[in-house]
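Following: one structure in structure tokens, then a few remarks.
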Amino acid sequence: MMGAVGRFFAAIGHPVIDGIERLGFASRFFGLILLRSGTSLLRFGLVIREIFAAGVLSMLIIIVSGLFVGMVLGLQGYRTLQTYGSADSLGVLVALSLVRELGPVVAALLFAGRAGTAMTTEVGLMKTTEQLSALSMMAVDPMARVIAPRFWGGVIAMPLLAAIFSAVGVFGGYLVGVVLLGVDDGTFWSQMQAAVDFREDILNGVFKSLIFGCVISAIALFEGYDAPPTAEGVSRATTRTVVTSSLAILALDFVLTAFMFIGV
Amino acid sequence: MQRGVLDLWVGLFVAAGLVALVMLAFKVGNIGTANMSDTYSVTAQFDNIGGLKVRAPVKSAGVVVGRVSSISFDDKTYEATVTLGLDKRYTFPKDTIAAILTAGLLGEQYVGLDAGGSDKKLAAGDKIQITQSAIVLESLISQFLFNKAANGSAKSEPASAPAAP
Amino acid sequence: MSNDNLVEIRDLSFAYGNRPILNGINLTAPRGKVIAIMGGSGSGKTTLLRLIGGQLRPNAGEVRVDGQRVDQLNTRELYALRRKMGMLFQFGALFTDLSVFDNVAFQMREHTDLPEALIHDLVLMKLQAVGLRGVSQMMPAELSGGMARRVALARAVALDPMLIMYDEPFTGLDPISLGVIGNLIRRMTDTLGLTSIVVTHDIQESLKIVDYVYFVSNGVIEAEGTPEEILASTAPFVHQFIHGEEDGPVPFHYPAADYAHDLGLGART
């Protein structure tokens with residue numbers, strides 16, 4: 001009887017203890033990134049390389065997705081608003097949904113899939129092929145030389161990508177709403193400008209995407225760094241990056257939005 | 001990849017991101033149209049402000065001339081004190097009337113300013129004397145129903161209270 | 001402590017968690033010599049290298065490199081010491097996003113303020129020494145296994161270290177590359193006046209080039225001696241290892257329950 005109970009608690013306890021241990025290591029890892037960021041800031045060329053990898057290479061998917069999301073918002077919004085006779089507010093609907101929620105969140109999800117996985121695989125493979133060991137044996141700190149620049153590259157790229165996503169999305173909504181469905185050009189923009197507040201809507205969106213950039217980069221790099229040095233280990237770590245960062249984005253989005261509503 | 005090409009691409013990317021931000025700020029947002037950096041404050045007291053909120057627009061003749069900067073309750077007069085931040089470019093006569101109005105039937109509430117005829121102008125810290133409270137839909141409806149009921153009872157007893165012609 | 005020994009290891013023990021890997025190892029590497037550490041797969045040879053490099057810390061015992069206690073250094077001192085060490089990893093561990101030239105130049109750029117023109121000349125000299133000046137503009141992915149190993153060797157000696165550690169330098173190479181790497185290890189040691197520690201299980205190739213051999217098995221030094229002594233040794237473990245015999249002190253069968261019992265033959269009686 002005791003044995004069965006003991007086994008039951010052991011079965012629950014082990015994953016919990018493992019999880020807490022991983023969380024602890026992840027937090028220490030995040031602290032280490034910040035602590036060893038000096039080199040990245042002094043040698044900004046390293047960060048520029050990573051902005052290229054995380055930002056420029058994600059730009060295509062962000063622009064295309066942004067355009068389509070905006071166009072769908074235009075179509076759906078028009079149909080719904082038309083039933084209430086207020087198709088003039090289409091601009092408001094498109095802009096607010098993009099700037100407040102869809103821009104930061106969808107761009108972050110795409111970023112996790114495009115750039116986050118690339119970071120995990122790259123770091124995981126560098127570990128597997130002993131490149132990280134080689135660095136530290138050459139008296140070069142891998143945290144400072146490999147991890148920190150990638151982190152800052154992601155943090156810088158994310159808000160810019162989200163802004164591009166929102167801007168392209170608004171343009172997509174404009175294309176469908178004004179050019180295709182005949183909403184008045186002037187009303188579209190003026191209603192939008194009257195309703196969208198720079199600080200409350202746009203800056204809050206930028207702030208959100210900044211947080212998302214931090215979280216995704218940290219998760220992706222941690223998973224890569226922590227991956228078992230085998231092909232299977234790296235592929236599992238890549239999957240975990242997508243799952244963990246997607247969940248983190250959605251949960252954090254709720255928390256941040258709640259904070260912003262209460263805070264303002 | 002060559003260093004120069006890399007820098008070029010990253011430069012393009014950052015520029016695109018910043019352009020998108022600026023476009024969001026000016027074309028989508030209201031930073032360009034409602035730049036209220038230079039304002040002066042006047043106060044007004046209302047019996048009831050209804051659903052008026054901080055940062056609601058202050059309009060005169062339909063033009064946004066300022067925003068509500070704060071709302072508080074005065075426990076001496078039991079009235080609401082509303083502070084309005086008005087754009088420095090516009091001045092108003094001392095006897096301007098402030099009213100809380102509603103955009104459309106159910107829309108956002110805003111403060112409307114109706115200019116008076118005085119030669120003296122409102123200055124920072126002044127108080128608008130004449131105000132008109134928000135029309136609260138519930139009280140409007142109850143008033144309407146009350147009148148109906150009163151009319152109905154008047155008709156049934158014509159002798160006691162002759163209705164207005 | 002004698003100053004003739006660059007590396008001295010005394011009573012070293014190490015365990016991963018509860019799993020003991022090394023148990024009471026004693027080992028010395030005199031300056032200017034090539035030392036081989038041999039043993040089967042999973043015998044803790046690579047762990048030993050990581051302990052010398054300070055990437056792992058021992059549970060007991062001491063590791064001295066150039067008179068410094070590696071196991072007691074803090075991170076800063078450790079990094080200072082590592083600038084005087086080079087390490088050749090099993091498959092080279094070249095940085096895949098840098099060209100061959102940049103790989104060899106990496107440490108010079110990270111740790112010195114040498115002008116780029118001088119770095120250029122130094123890199124080409126190092127590559128010339130391993131016979132691969134011609135591939136300086138290639139990417140590591142374009143190289144064969146043996147060439148990658150040679151580039152990694154050029155990178156390891158970039159800052160003229162006093163100690164080079166080789167982790168399985170002969171694994172997966174064709175006979176020609178094997179001979180080339182072996183001769184390079186010997187020649188680098190003699191011409192640059194450095195000390196080499198080679199971890200390997202390739203007995204024939206390494207016995208040609210090394211000065212002294214340690215056999216590691218089950219976490220202890222099973223045998224040691226010069227190549228001649230090793231070849232003449234009658235110790236059963238050494239004999240089995242050198243001649244590649246299937247069964248001996250290292251059994252062919254992993255310990256298991258009785259064969260007949262496992263097949264269910266015992267139960268049927």
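The values are calculated or read from the model by the stated rules, or taken from the named source; none is laboratory data. Keep in mind that what you see is a predicted model, and the values were worked out from it rather than measured. Glycine also receives a Cβ, built like all others from the backbone with ideal geometry; neighbour counts cover every protein chain displayed. For the accessible areas, the whole protein counts, side chains as well, though only heavy atoms, and no ligand, DNA or RNA atoms are used. Shrake-Rupley method; radii C 1.70, N 1.55, O 1.52, S 1.80 Å.
Observations
- Number of partner chain Cβ atoms within 10 Å, mean per residue of C:78-87: 3
- Across peptide A:135-145, the average count of Cβ atoms from other chains found within 10 Å of a residue's Cβ is 6.
- Largest to smallest principal axis extent of the C-alpha atoms in region A:220-264, angstrom: 48, 14, 7
- Cα-derived Rg to Rh of region C:16-69, Kirkwood definition: 0.95
- Across region B:87-103, coupling constants 3J(HN,Hα) worked out from phi with the 6.51/-1.76/1.60 Karplus curve, θ = phi - 60°, read 4, 4, 5, 10, 10, 10, x, 4, 9, 5, 9, 9, 10, 9, 10, 10, 7 Hz, and Gly and Pro carry x.
- With Cα atoms, 0 to 90° folded angle of helix C:100-111 axis to chain C main axis: 80 degrees
- Screening chain A for DSSP H helices whose Cα atoms reach 27 Å or more along their own axis and whose mean Kyte hydropathy is at least -1.0 gives A:2-35, A:59-83, A:148-174, A:204-226, A:231-263.
- Averaged over its residues, chain A has an accessible area of 45 Å² per residue, based on protein heavy atoms and a 1.4 Å probe.
- Rg of the Cα atoms in region C:47-147, relative to 2.2 N^0.38 Å, amounts to 1.28.
- Reachable lysines, given that their alpha-carbon falls under 16 Å from the alpha-carbon of C:Lys208 and they are not under 8 places away in the same chain: C:Lys33
- When each of the peptides A:122-131, A:142-151 is scored by the mean number of other C-beta atoms lying within 10 Å of its residues, the order from highest to lowest reads A:142-151, A:122-131.
- Of all lysines in the structure, the ones whose alpha carbon falls short of 20 Å from that of B:Lys76, not counting any fewer than 8 places away in one chain, are B:Lys127.
- The 3J(HN,Hα) values that the Karplus relation (6.51, -1.76, 1.60; θ = phi - 60°) gives for region C:140-153 are, in residue order, x, 5, 8, 8, 6, x, x, 5, 4, 4, 5, 4, 4, 5 Hz. Gly and Pro appear as x.
- Percent of C-alpha pairs per 10 Å bin, region C:202-267, short to long: 18, 41, 19, 12, 8, 1
- Around the amide H of C:Val216, modelled in the peptide plane, lie the amide H atoms of C:Met38, C:Gly39, C:Glu222, all under 5 Å away and 5 or more residues distant in sequence or on another chain.
- Cα-only Debye scattering, chain A: base-10 log of I(q)/I(0) at q = 0.11, 0.13 Å⁻¹: -0.69, -0.87
- 222 nm mean residue ellipticity, helices alone, for the protein assembly as shown (DSSP H n ≥ 4; -39,500 (n - 2.57); rounded to 500): -16000 deg cm²/dmol
- Number of partner chain Cβ atoms within 10 Å, mean per residue of C:100-106: 1
- Cross-link partners for B:Lys121 among the lysines, with Cα-Cα distance under 24 Å and sequence neighbours closer than 8 places in the same chain left out: B:Lys59, B:Lys88, B:Lys94.
- Residues along region C:13-59 losing 40 Å² or more of accessible surface when the other protein chains are present rather than the chain by itself (probe 1.4 Å): C:Gln55
- Theoretical FRET efficiency, 1/(1+(r/R0)^6), r = Cβ-Cβ of B:Asp7 and C:Asp113, R0 35 Å, to 0.05: 0.90
- In terms of the mean number of neighbouring beta-carbon atoms within 10 Å, the peptides A:201-209, C:109-117, A:175-183, A:163-171 order highest first as A:163-171, A:201-209, A:175-183, C:109-117.
- Calculated SAXS-style log₁₀ I(q)/I(0) at q = 0.07, 0.08, 0.09, 0.12 Å⁻¹ - the protein assembly as shown, Debye, Cα scatterers: -0.70, -0.81, -0.93, -1.29
- At q = 0.14, 0.16, 0.17 Å⁻¹, base-10 log of I(q)/I(0) for chain C (Debye sum, equal scatterers on each alpha carbon): -1.01, -1.25, -1.37
- Over all pairs of different C-alpha atoms in region B:36-142, the reciprocal of the mean inverse distance, the Kirkwood hydrodynamic radius, equals 13.9 Å.
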